[in-house]
Amino acid sequence: MILILLGPPAAGKGTQAEGLEKRHGFRQVSTGDMLRAEDAHGSAIGHEAKAIMDRGELVPDRLIISLLDRRIAAEAGRDLILDGFPRTVPQAEALDRLLAARGLEVSGVIVIDVDDAALVERIVGRFTCADCGASYHDRTRPTRVPGVCDRCGGTEFVRRADDTPETVAARLAAYHEQTAPLLPYYRPQGKLFVVDGMAGIEAVAREIDSVVRGLAGGVAHAKVMRGN
Ligand code: AP5
């Protein structure tokens, strides 16, 4: 199954992708994480992407599509959860082509719907474990033991360079202008499922699980975008 998690910055895509890996055996493919890894390794792609990401803009389609192509090849045969890709209509079209060339197609697109005002609070409170990347939030998802990662026991934590109030505005603008047009791209294909991302993490997970179960069972759920 190839599932796409779509949503504005800090909607909870990474949080839910992590849960889907644990509960359903999906492999998470996060293009944001891939770009940050390229930067950490000092590659030319990472260098080019870093300045763009720090401004809160989207990296060029050609760059991200070639990264994704390589990753899909490396993950052959696995159920994938695409977190943060596609983000533009040309990326969605390229994804359809990449998958079709392998006899695959997108199974479903889950939109995590969150009000813009809530996103800023989520972004400024976010921190991750420096060792394993587990994601937390100062208020809504602190570590069980203060200063110790629940997952790996690490004690070093980091905050992302683009998680600033200034950059958030640009990231939200990029979402509304370039990524939101994906909804009318996928809706006519009957692949779009909208979950209420304003609910708590567990409630969102339950809604996503019901979509995954429906897709696995071949049931077509029709959901209408809130406010649309
Ligand atoms: P990327 O890394 O994908 O960032 P993003 O889309 O901005 O999303 P985030 O990772 O910030 O948030 P999330 O939705 O995963 O939320 P999370 O689960 O962490 O991309 C970064 C940059 O890379 C882009 O700006 C762009 O430059 C570039 N890029 C990446 N892909 C690209 C592409 N395809 N094309 C072009 N450029 C690309 O949750 C956030 C916080 O909220 C956490 O603290 C969490 O604990 C908390 N939280 C989660 N769910 C809930 C809930 N239900 N209630 C309360 N709190 C919650």
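Would you tally the residues in segment 63-91 being near the ligand (Cβ under 7 Å from one of its atoms), farther than 20 Å from residue 47 by Cα and either part of a helix (DSSP H, G or I) or small (Gly, Ala, Ser) (or both)?
Number of matching residues: 1.
If residue 106 meets every condition in (1) touching a residue at least 60 places away in the same chain (Cβ under 8 Å); (2) part of a strand (DSSP E or B) apart from one, which number is that one?
(2)
Of all residues in segment 157-197, which are within 26 Å of residue 57 (Cβ to Cβ), open to solvent by 50 Å² or more (accessible area, probe 1.4 Å), within 12 Å of the ligand (Cβ to nearest atom) and modelled with pLDDT of 95 or more?
178
Looking at (1) out of contact with any strand residue (DSSP E or B) (no Cβ under 8 Å at 6 or more places or on another chain); (2) within 16 Å of residue 14 (Cα to Cα); (3) open to solvent by less than 60 Å² (accessible area, probe 1.4 Å); (4) near the ligand (Cβ under 9 Å from one of its atoms), which is the only condition residue 118 fails?
It fails just one condition, (2).
Against the condition modelled with pLDDT of 95 or more, within 8 Å of the ligand (Cβ to nearest atom) and open to solvent by 10 Å² or more (accessible area, probe 1.4 Å), how does residue 105 come out, does it pass?
Values: modelled with pLDDT of 95 or more: yes; within 8 Å of the ligand (Cβ to nearest atom): no; open to solvent by 10 Å² or more (accessible area, probe 1.4 Å): yes.
No: the conditions fail for residue 105.
Is segment 41-61 home to any residue that is within 14 Å of the chain's Cα centre (by Cα) and open to solvent by 10 Å² or more (accessible area, probe 1.4 Å)?
The answer is yes, given that some residue of segment 41-61 is within 14 Å of the chain's Cα centre (by Cα) and open to solvent by 10 Å² or more (accessible area, probe 1.4 Å).
Quick check on my filter: what residues within segment 65-81 are out of contact with any Gly (no Cβ under 9 Å at 6 or more places or on another chain) and open to solvent by less than 70 Å² (accessible area, probe 1.4 Å)?
Looking only at segment 65-81, we keep the residues that are out of contact with any Gly (no Cβ under 9 Å at 6 or more places or on another chain), and these are 65-77, 80-81.
Across segment 65-81, the qualifying residues are 65, 66, 67, 68, 69, 71, 72, 73, 75, 80, 81.
The values are calculated or read from the model by the stated rules, or taken from the named source; none is laboratory data. Given the structure is predicted, the values throughout are model-derived calculations rather than measurements. Because the Cβ atoms are built from the backbone with ideal geometry, glycine has one as well, and the counts that use them run over all protein chains shown. For the accessible areas, the whole protein counts, side chains as well, though only heavy atoms, and no ligand, DNA or RNA atoms are used. Shrake-Rupley method; radii C 1.70, N 1.55, O 1.52, S 1.80 Å.
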